[in-house]
1. At 7 Å along Cα-to-Cβ for each site, give me the label-to-label distance between Glu399 and Gln218 in nm.
2. What does the helix-only formula give at 222 nm for the chain: each DSSP H stretch with n ≥ 4 adding -39500 (n - 2.57), the total divided by the residues, and the result rounded to the nearest 500 deg cm²/dmol?
3. With +1 on the Cβ of every Lys and Arg and -1 on the Cβ of every Asp and Glu, and nothing else charged, how large is the dipole of the range 312-381 about its Cα centre, in debye rounded to the nearest 20?
4. Multiply the residue separation of Arg349 and Asn329 by 0.36 nm, subtract the distance between their alpha-carbon atoms, and state the gained length in nm to one decimal.
5. Take peptides 61-68, 232-239, 126-133 and line them up by average Cβ neighbours within 10 Å, highest first, as a rough protection proxy.
6. Once you charge only the Cβ atoms, +1 for Lys and Arg and -1 for Asp and Glu, what is the size of the charge dipole of the chain about its Cα centre, to the nearest 20 debye?
7. Going toward the positive end of the dipole of the chain, with +1 on Lys and Arg Cβ and -1 on Asp and Glu Cβ, which of Gly203, Ala173, Ala186 do you reach last?
8. Stokes-Einstein diffusion coefficient for the chain at 4 °C in a medium of 1.567 mPa s, Rh from the Kirkwood formula over Cα pairs: what value in µm²/s?
Amino acid sequence: MSKLIIEGCPRLSGSVSANGAKNSVLPILAATLINAGENVIHNCPDLRDVDSAVNILRHLGCKVRREGKTIIVNSSNITRYDIPDNLMREMRSSVIFLGPVLARCGKSSMSFPGGCELGPRPIDLHIDAVKKLGVNVTESGGILECTAGKMTGKDIILPFPSVGATENIILLATACHGRTRIRNAAQEPEIDDLIAFVNKAGGMAARRGSEIEIIGTQTREHTEHTIMPDRIETATYLCMGAAVGGDVEVRNTYPQYVETITEALTQAGAEISVRKDIIRIKRDKPLGSIKPVRTMPYPGFPTDAQAPLMAAMLKARGSSIFLETIFENRYRHVSELMRMGADIKVAGRVAVVEGVTRLFGTKVRATDLRGGAAMCIAAMTAMGKTEIDDIHHIDRGYEKIENVINALGGRALRE
Ligand code: UD1
């Protein structure tokens, strides 16, 4: 089992590039199933979750090859509609294959994605929606069996703007007769990236605010798409710059999608400047406190950036308050941060961070993907060496994070 050894450093300086967005490439790889031809997807990050999605596509019969950052999926011949338990478990978000497998095969058989590190992840919104679109769903022994009847577009009102449910509905709707309309749909930028892909793949989908309309698709022989930059990866590197101090630049990103994070870091006293697709963060004086951070669906503050921002605020003057409204159990990084000397109190969905003057390197573990990123940030500001275990979580969403830390002048080693 590998681990990361990170040494505290006094100042960061350097420029790094954001990769393609994990939360965009995963649904788009699943979406290649709806286009029975060659799908060329550029700017794919090299991540464990992407490998898992590729394994599922191959299992279903797709021919997949990677050429650097480009993944080419030929989905002309699909030979199966089942996804075995071991492949479902490899990736938490494997449920995004439900809609596209059903759209393509009219049937699907897959196990429940199961529990995960962020608490139970129900899929009731996905199931209710596919039923409404004309799919018969049964469950036995943890296996979800779905058979499509005559699928017809409908109006679907989501009780909560679930990202995954919105994606599944969009993809299933491409195989429905007539028009599907999703109300209270998720508005995350990755949803727009998926819509852009669907339109290139011969479908017709459009979003107006919280409403998305989809009309069936016609297969194209060749589709090409470039994955948008990862806004959470961008936020993580900005939080590194804010936490340690210095002068850090993140290139190839979309600054407009991380405004809630740059706003919080500006409140804390960092100097942010934006030039086209580059964000630069400078911080020389100690950080101050920020307004309470409440995680919300987009365009609110992203739950995925909560842990990295919390890590950046551990040594800020005064107190910072976090309210997590999206996931239960998303404070698992807190006990690990406290092992390093952080002062954090959690009561239900609220966490209060009191700034401390010092953090100390010790042995900790990555409790989940973004919690792992938070441990890296804290380690970069701590005295001495921090040993981070269970870094497979970090590898799910960051391409060799140690290379980024070192490129910015930090000290990180994978053992
Ligand atoms: C996606 C992102 C994840 C991000 C999350 C919220 C991907 C691959 N993952 O996850 O990084 O943290 O959005 O921005 O894009 N819920 C239900 N029933 C359902 C579906 C969801 O109760 O059927 C609940 C979940 O338990 C959770 C909340 O709704 O509490 C948000 O879930 P959702 O928006 O679906 O997140 P994901 O698509 O799983």
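1. 3.6 nm
2. That comes out to -9000 deg cm²/dmol.
3. Value, rounded to 20: 160 debye.
4. Taking Arg349 through Asn329 to full extension adds about 6.4 nm, to one decimal.
5. 232-239, 126-133, 61-68
6. With only Lys, Arg, Asp and Glu charged at Cβ, the dipole is about 320 debye.
7. Sorting the options by dipole projection puts first Ala186.
8. 59 µm²/s
Just so you know, all these numbers are worked out from the coordinates, no wet-lab data involved. Not measured: the values here are computed from a predicted model. Methodologically, a virtual Cβ is constructed for each residue, glycine included, from the backbone with ideal geometry; neighbour enumeration extends over all protein chains shown.
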